Amino acid sequence: MTSSNTLTVIDNRTATKYDLPIENGTIRAMDLRKIKSGPDDFGLMTYDPAFMNTASCRSSITFIDGERGILRYRGYPIEVLAEHCTFLEVAYLLLFGDLPTPDELKTWVNDITHHTMLHETTKRFMEGFRYDAHPMAMLVSTVAALSTIYPEAKDIHDPANRLLQIKRLIGKMPSISAMSYRHSLGFPYVYPDNDLSYPENFMNMLWKMVEPKYAANPVIARALDILFILHADHEQNCSTSTMRSVGSAHTDPYLTTAAAAAALAGPLHGGANEAVLGMLDEIGSKENVPAYVKKVKEGHGKLMGFGHRVYKNYDPRAKIIKWTAERVFAVTGRNPKLEIALELERIALEDEYFVSRKLYPNVDFYSGIMYQAMGFRPEMFTALFAIPRAAGWLAQWQEMITDPEQKIARPRQVYTGQELRQFIPMDKRARALHAKIA
Ligand SMILES: CC(C)(COP(=O)(O)OP(=O)(O)OC[C@H]1O[C@@H](n2cnc3c(N)ncnc32)[C@H](O)[C@@H]1OP(=O)(O)O)[C@@H](O)C(=O)NCCC(=O)NCCS
């Protein structure tokens, strides 16, 4: 008798029936290989551009239920973590699977804090960038350059060595981001201050001027820490799957993290919050919101910061950001763009067009306005995202390295090119052939 936990497939080319086991709501793509039209057939594959419906790994790190607006790290709801934890506590949770005890946290924070310094050669390397280099391009290149300083990082199979590089990367991401920011402003670099917490130290490296000791505003520091928590991981998104894919070649973690950061730098991934600010500038004032919404409904552009590939109810991070933003504005003063954003949200959430398409504000809708109120220029937004996401990337990388089922990532293709062709000697080639190649 056929087990109920199987998928029965009939290949109409051969009239053969196959029973494929179903596990965790998936069938194994490799089980399809045995479905062949004849002895010379390679076997059936799936065609899935952009991996819209393919699980590439098992993971116990982050759970998302997009329909119900749920995001959990290691089983803990994001709302609970944002309310009660620090980012470093959450980074520990992502990497080790459990929240740290007080002693574990103390050691962890101490370890990360003592890895925030950059080698002087790294500083000089950064000084070589053009004055107007984009912070994200500087970040990607500098993280890759760390590989030249820590060649032992290659030994990715030694757990202790792996952990050392993880601590270095989490420690140095804010230092590199802050240096890239100050470089683009022409300000001198600021060294880390080990007395300060992770977000306070980042603020110190960003904004310290001539004062002997930087005093971070606690509300801004906490808001930054919450933003770090919200951005720490988001399962198999573009940059995380890049991390796993590049890491599967056993590339060292610096080069691998640089590759993931490069994916994040793309405007379809880490850059949407910058686009929200552009849109709010274009709208200009609260009174113009209805006309703008009408234009979007008529198919002219999109409401940036609305909609999500996974979240079809609401983005739980957007809710947390909204109340965090209120606290920040109490310190910085209200960003005038907030009025426009609130009106836009109010109108869109009542509108049949957006409701029927399940379009809700996503994480980027309010984060850009808040970053701007904190004093960041839009070019810095993606680097702010990369700092905490490094913890998620590294947790996923570690999980991949220690997963016995994983191998070097190597997708298949459906070849659509020429069949075997006859070689044409140089003097017989017609110009038209070259035109075709272009
Ligand atoms: C995030 C995003 C890429 C998800 O795309 P997706 O899952 O592929 O959704 P689709 O493009 O299939 O959209 C479904 C429908 O909603 C519409 N839609 C999606 N996002 C929209 C938006 N922000 N504004 C207006 N209409 C939108 C689409 O035009 C489409 O309408 P149709 O069914 O009449 O053709 C998309 O919502 C978007 O571009 N949002 C704006 C950019 C943004 O904020 N990105 C940050 C993501 S965290």
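The values are calculated or read from the model by the stated rules, or taken from the named source; none is laboratory data. Bear in mind the structure is a predicted one, so any value in this text is a computation, not a measurement. Virtual Cβ from ideal backbone geometry, glycine too; neighbours counted across all protein chains shown. For the accessible areas, the whole protein counts, side chains as well, though only heavy atoms, and no ligand, DNA or RNA atoms are used. Shrake-Rupley method; radii C 1.70, N 1.55, O 1.52, S 1.80 Å.
Note the angle between two axes, namely the Cα long axis of helix 337-350 and the longest principal axis of the Cα atoms of the chain, as a number of degrees from 0 to 90, rounded to the nearest 10.
For helix 337-350, the angle is close to 40 degrees.
Out of the range 387-419, which chymotrypsin sites (Phe, Trp or Tyr not before Pro) are coil in DSSP terms and have no more than 15 other C-beta atoms within 10 Å?
Sites meeting the loop and neighbour criteria: 415.
Using protein chains only and a probe of 1.4 angstrom, how many square angstrom of residue 248 are accessible, to the nearest 10?
Accessible area, nearest 10 Å²: 10 Å².
Given a 1.4 Å probe and every protein chain left where it sits, what share in percent of the accessible area of the chain is carbon and sulfur?
Reported share for carbon and sulfur atoms: 56 percent.
Against the longest principal axis of the chain, how steep is helix 363-374, in degrees 0 to 90 to the nearest 10, with axes from Cα atoms?
Helix 363-374 sits at roughly 30 degrees to that axis.
If you average the C-alpha positions of the range 6-81 and of the range 171-224 separately, how far apart do those two centres end up, in angstrom?
Cα centres, the range 6-81 to the range 171-224: 45 Å.
Find how many whole Å separate the alpha carbon centroid of the range 239-302 from the alpha carbon centroid of the range 362-438.
Between the Cα centre of the range 362-438 and that of the range 239-302, the gap is 14 Å.
State, to one decimal in nm, how far the label point of residue 58 lies from the label point of residue 210, with both points 7 Å from Cα in the Cβ direction.
6.2
By the scheme Lys and Arg +1, Asp and Glu -1, what is the net charge of all other residues having a beta-carbon under 10 Å from that of residue 311?
Charge balance in the 10 Å sphere: +2.
What residue among 36, 123, 106 has the largest mean-square fluctuation in a Gaussian network model of the chain, using Cα springs under 10 Å?
So, out of 36, 123, 106, the one fluctuating most is 36.
How far, in nm, would the chain grow between residue 409 and residue 37 when pulled straight, counting 0.36 nm per residue and subtracting the alpha carbon separation?
Additional length available on full extension: 131.2 nm.
Measuring with a 1.4 Å probe in the full set of protein chains, what accessible area per residue, in whole Å², belongs to the range 138-295?
Here the per-residue accessible area is 36 Å².
Give me the number: length gained by fully extending residue 119 to residue 291, i.e. 0.36 nm times residue separation minus the C-alpha to C-alpha distance, one decimal in nm.
56.6 nm is the gain from fully extending residue 119 to residue 291.
Of all trypsin sites (Lys or Arg not before Pro) in the range 210-319, which ones are in loop regions per DSSP and have a Cβ with at most 11 other Cβ atoms within 10 Å?
213, 309
How large is the helix-only mean residue ellipticity at 222 nm for the chain, computed as the sum of -39500 (n - 2.57) over DSSP H runs with n ≥ 4, divided by its residue count, in deg cm²/dmol to the nearest 500?
The helix-only estimate for the chain comes to -16000 deg cm²/dmol at 222 nm.
Between residue 353 and residue 7, what is the spin-label point distance in nm, taking each point 7 Å from the Cα along the Cα→C-beta axis?
3.7
Given a 1.4 Å probe and the protein chains all in place, what does the accessible area of residue 104 round to, in Å² to the nearest 10?
Roll a 1.4 Å probe over it and residue 104 shows about 80 Å².
Give the relative contact order (percent, whole number) for the chain; include only Cα pairs under 8 Å separated by 6+ residues.
19
Keeping all protein chains in the complex and leaving out DNA, RNA and ligands, what accessible area do you get for residue 166 with a 1.4 Å probe, in Å² to the nearest 10?
Roll a 1.4 Å probe over it and residue 166 shows about 0 Å².
So what's the net charge close to residue 257: Lys and Arg +1, Asp and Glu -1, counting the other residues with Cβ under 11 Å from its Cβ?
+2
When you count, for each residue, the other Cβ atoms within 10 Å and take the mean per peptide, how do 346-356, 371-381, 49-59, 126-136 rank with the highest first?
Answer by packing, highest mean first, reads 371-381, 126-136, 346-356, 49-59.
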